[in-house]
Structure formats: structure tokens, C-alpha cells
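Visitor: Here you go, one structure.
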Amino acid sequence: MSDEKKKIMTTDAGRPVGDNQNSLTVGPRGPVVFEDYLLFEKMAHFNRERIPERVVHAKGSGAHGYFVCTSPDITKYTTAKLFSAAGKKTPTFIRFSTVGGEKGSADTERDPRGFALKFYTEEGNWDMTGNNTPVFFIRDPLKFGDFIHTQKRDPETNLKSATMMWDFWSLSPESLHQVTILFSDRGTPDGYRHMDGFSSHTYSLINAKNELFYVKWHFKTKQGIKNFDGPTASSMRGVDPDYAQRDLFESIAKGDFPKWRVLVQVMPEKDAETYHLNPFDLTKVWPHKDYPLQEVGELVLDRNPENYFAEVEQAAFEPRNIVPGMGFSPDKMLQARLISYPDAHRYRLGVNYDSLPVNKPQCPYHTYNRDGAMSHDGNHGKAVNYEPNSFGGPTQDPAYRERPKQVSGTVDRHNHRLDSDYYSQPGDLFRLMKPDARERLIANIVGSLGGAPQRIQELQIRHFYKADPAYGTGVAKGLGLNIEKIIAAETKEAAAD
């Protein structure tokens, strides 16, 4: 290698290094001295190479791509510029993930999958933080920490616990819809390319007339839905625990770019007041016959990250990131995530997480936020850091004020279980499944629920039975329990109350 191309190793501060092979010691066999700046710098950096992993969605894969608008008809619902014309492209970054496992867990675990997208629009970043399921286990954010604790490790044994999971689910009947999805074939997708994505939450769009529409986003895979059955998914944990990561990376590397149709369900604001379902309940879907899917574009993934840590591990998605022409909804789970996501990022990545290359907007942006750990981009130089000011700093624009909305009602800890319709949609889903898919669903549940005490099994079977008698009967039979006795005991308890 010629001298002009040779790179001299330096410290992080740029000091050239003369010996990177030997520590600085007192004699060949003597102790290391404090003066060995290189040794301490390397050790200190090594000790900090692993930032705290995400509490949920720790194991993930990412890719760059673009969204292309195919139907500008959506402009009747929103002024967001990424939908303004057919053929308009917007750069994106996506992160897929498993939810409950640690960073080293297997890609084929039975688990929901995260489906988080960052759209780098000309009006700022839009983050769509969803899953591969249209619903979730709970609908009140006060229960989120409790639920996630049941998916982690037992505080005594440090093992995953079927008792913890089914104890919580059996006492939280609103979870039944998502539990049914989780233990169906959809709980073990064949990689990330062959699954759909959903916003799950209800968001809103606002048009040029200042009219508001509630919406749910859907991403339909163009690769076709493919899932593993339970035994194959379990086997793959040992064969290739990074199966989904490998499949995504290699498909993009060889030019087989994954694609999704992007669609939206639209509910006029007024409909939400009288619709027979709570449109902001995260445990329920909007029937397509009432609010059909409308196609608005295509998502294409066409570039792998060059550095996993910088682009995937440091990626930070947050549902508060929306653009003009978009808004939120009274969905309680969404409202909590608007606060919890940025708070988690500040803890994990530092207060300046949104100035990291993968997270920062690709359009001009101006803020008075300053200082803090890892302020690496010049910290806005000598520009003033307060507002109002008389030095030409950025100012507000009333055109972008949030749309006013009316709220009413008493401030209270309202019982989210007053709506006791836990069973109609899980039952409908069960009845939509083909007989062999029902058998696999029941077998998967039996395999997991069998590790819980019988009293919890019987309580959960009651929920399955209320969704569909064949559902509860099948699980009871698989566990060797008498369904008639279980239902009779419940009837007796109800009469006693």
C-alpha cells in the first residue's frame, strides 16, 4: 500500500497511535500504569458498545426503501404532501421486530411482529409504529407494564412462564382477540417479507376544508402471506435463530425487493359518535364492509443498511411524529405512546436521539433545543437558544396550529371493561379459519396453556367457549378437561353472585 493511501490509526481525539499491540507496563512483567491512555480508552469504549436494548421489540431487522403514491384520491381526506400526486416518492426506513424476546432471541418465536416505518417527507418525519396484527392484548395503557412483565421472565426462576402469561390473559378477557391471532399460524410468520402490517391504532387525517377523518393504515404484502406451523417454527430456532434477518437481507441484496400495498380505512369524524363499536378500542377491528380498504400507494424496500448499529439499533420511531394534514385520536393506548416512546428513546439513546442520521428529518428543520449528551452536530453554533428573539431565529406559524376539538365528560378512572364485548370478533375470527387452521390454533394453545395451573386453564377455557363453543371444547379436550364441568361451575358461580 502506498504511503498516500495508508491510514494512520489514532485515538478518538485524533492522536496517532504508535503501538496498538502492547499495554504500557512497568517492565515486561510489571503492572499496567495509569498513563496508558490507549488501553483505558479502548476498554472504556468497549464497555459502552452495547446501549440498553429496547424493553420491547429488542430483536429487529431494518431496511431502506421508498413509498410511492399511486392514488391521489386521498387528498380529499388530507393535505399531507406525500399523497399529493400519483408517482410521488418518499424515502422510508423500516424496522421489523419480535416483541417480547431479548435481543438474542430467535426470529421464529411465537410473538407479534413490530412493523415500524419512518417516512422522510418534505414536511418532516412521519412515523407509523405498528405491528403485524390489527389489534392488541389490552386497551388501557395503565396495564401495559403489567402485560409486558408477563411476557418477560419470572422474577424467581428467570424463566419464561406460561403461568404468568395465562394468568394475566384469563383475568383480562379483552385480550382474547389478540391471543387468538397469536396462537394461530399468524403468530409465527415465515420471515418479515411474507406478513402484513397495520397501524393498529386509530389516527386521523385532516383535509383542506379542515374536516377530520379517523383512519387505520394497512400494509398488504405483495409476496403473499406465508407462515410456519408451530413445530417448524420451533425447529427453526435451533437451525437458524436469525432466519428473518437473513431472509430480508439476502432478498434485498440479490435485488428481490419486498413490496407492500398501502391502504387505509376511513371513518368520517361524525360516524365515531354513533358507531356500534368503539372506534378507538385497540382490541377491535373496523369491519371492512362498513369501512372498506382504499389503496393509496406502494412501499418498496430496496437497500440494506451499511451499518446495523447506526441504522437499525439506533433507529427511534415514535407515533407523535406526524406531518401537516395528520392527527391523532382518543385511542387511550395511542395517547400514552405519544409520551412513552420519546421517553424510552431519551433513556436508551440520549436526549439528542432525533439528530442521529437515521432519525433526523431529510428536510430543513429549526429548533431551540440545545445541549445534552451527544450533541454532535455543532449544537446550532452561535445561534440564539430562546424565543421570542430579535435576531432572526425561527418563529411560529399559526397556519400549523392543531385543529381544535371538543371534549366533554367527567375526569375519572373510567372502567375500560364496561364494554364487555370481548368475544364476538375472536369468535368471528375462529369461524373464518379453515378446519385444519383451527386444529393448529387449538394445538398451539394447548401446548402453551398446558404449562399453567388447572384453575387458570379452566378460567381461560371459559373465554374460548364464549367466543365459540367449538373453540372452548377443543382446548378443553386437548388439555384432558371436561368442558361440561367447566361451564357448569361457571354457571353455579354466577348464580351465587
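The values are calculated or read from the model by the stated rules, or taken from the named source; none is laboratory data. Quantities reported herein were computed from a predicted structural model and do not represent experimental measurements. Cβ coordinates were reconstructed from backbone atoms using ideal geometry, including for glycine residues, and neighbour counts include every protein chain displayed. In case anyone asks, the SASA skips ligands and DNA or RNA and just uses the protein heavy atoms, side chains included. Shrake-Rupley method; radii C 1.70, N 1.55, O 1.52, S 1.80 Å.
Visitor: Run the reach check for LYS5 against lysines, Cα to Cα strictly under 29 Å, same-chain hits fewer than 8 apart removed. What comes back?
Guide: Those lysines meeting the cut-off are LYS42.
Visitor: To continue, here is another question. Give the carbon-plus-sulfur fraction of the accessible surface of region 272-421 in %, rounded to a whole number; probe 1.4 Å, heavy atoms of protein chains only.
Guide: 52
Visitor: Next question. Report the FRET efficiency, 1/(1 + (r/R0)^6), for ASN158 and GLU35, where r is their Cβ-Cβ distance and R0 is 41 Å, rounded to 0.05.
Guide: Efficiency for this residue pair is about 0.45.
Visitor: Further question on the same structure: For region 1-141, what ratio Rg/Rh do Cα atoms give with a Kirkwood hydrodynamic radius?
Guide: In region 1-141, Rg relative to Rh is 1.21.
Visitor: What's the FRET efficiency of ASN307 with GLU211 using the Cβ-Cβ distance as r and R₀ = 30 Å, to the nearest 0.05?
Guide: 0.10
Visitor: List the aspartates and glutamates whose Cα sits under 16 Å from the Cα of LYS160, skipping any in the same chain fewer than 8 residues away.
Guide: Reachable aspartates and glutamates: GLU102, GLU109, ASP111, ASP146.
Visitor: Roughly to the nearest percent, how much of the accessible area of region 82-127 is carbon and sulfur, given a 1.4 Å probe?
Guide: 50
Visitor: At what distance in angstrom do the alpha carbon centres of region 179-212 and region 448-497 lie from each other?
Guide: 31
Visitor: Report the full-extension gain for the segment ALA495 to ARG401: residue separation times 0.36 nm, less the Cα-Cα distance, to one decimal in nm.
Guide: Taking ALA495 through ARG401 to full extension adds about 28.3 nm, to one decimal.
Visitor: What pairs in LYS76/LYS405; LYS220/LYS289; LYS209/LYS360; LYS270/LYS405; LYS143/LYS289 have C-alpha atoms more than 23 Å from each other?
Guide: LYS209/LYS360; LYS143/LYS289
Visitor: Ranked from the most accessible area to the least, with a 1.4 Å probe and all protein chains present, what is the order of GLU102, GLU493, GLU311, GLU484?
Guide: GLU484, GLU493, GLU102, GLU311
Visitor: Counting other Cβ atoms within 10 Å, keep those with at most 14, restrict to DSSP loop, and tell me which trypsin sites (Lys or Arg not before Pro) in region 223-327 are left.
Guide: LYS226, LYS254, LYS270, LYS289, ARG320
Visitor: If you take the square roots of the eigenvalues of the alpha-carbon gyration tensor of region 171-221 and sort them as a ≥ b ≥ c, do you get rounded (a/c under 1.5), prolate (a/b over b/c) or oblate?
Guide: Oblate.
Visitor: For region 1-69, rounded, prolate or oblate, judged on the Cα gyration tensor with a ≥ b ≥ c (square roots of eigenvalues), a/c < 1.5 rounded, else prolate if a/b > b/c?
Guide: Note, shape of region 1-69 comes out oblate.
Visitor: Among the aspartates and glutamates, select those whose C-alpha is under 18 Å from the C-alpha of LYS492, and discard any that sit fewer than 8 residues away in the same chain.
Guide: GLU458, GLU484
Visitor: Another question, if that's okay. How much accessible surface does THR395 have with a 1.4 Å probe, in Å² rounded to 10?
Guide: We get 110 Å² for THR395.
Visitor: Run lengths n ≥ 4 of DSSP H only: what is the helix-derived mean residue ellipticity at 222 nm for the chain, with -39500 (n - 2.57) per run over all residues, to the nearest 500?
Guide: Calculated from helices alone, the mean residue ellipticity at 222 nm is -8500 deg cm²/dmol.
Visitor: Express the carbon and sulfur contribution to the solvent-accessible surface of region 1-73 as a percent, rounded to the nearest whole number, probe 1.4 angstrom.
Guide: That share works out to 55 percent.
Visitor: Between region 116-159 and region 393-443, what is the C-alpha centre distance in whole Å?
Guide: The two parts, judged by their Cα centres, are 14 Å apart.
Visitor: While we're here: What's the magnitude of the charge dipole for the chain around its Cα centre, counting Lys and Arg as +1 and Asp and Glu as -1 at the beta-carbon? Answer in Debye, nearest 20.
Guide: 420
Visitor: In addition: Under a 1.4 Å probe, what is the accessible area of the chain per residue, stated in Å²?
Guide: Result: 53 Å² of accessible area for each residue.
Visitor: Ordering ASP247, ASP256 by how much accessible area each has at a 1.4 Å probe, largest first, what is the list?
Guide: Descending order: ASP256, ASP247.
Visitor: Using alpha carbons only, how many angstrom separate the centre of region 263-339 from the centre of region 353-373?
Guide: One Cα centre to the other: 23 Å.
Visitor: Would you mind giving the three semi-axes, in whole Å and largest first, of the ellipsoid equivalent to region 421-479 according to its Cα gyration tensor?
Guide: 18, 14, 8
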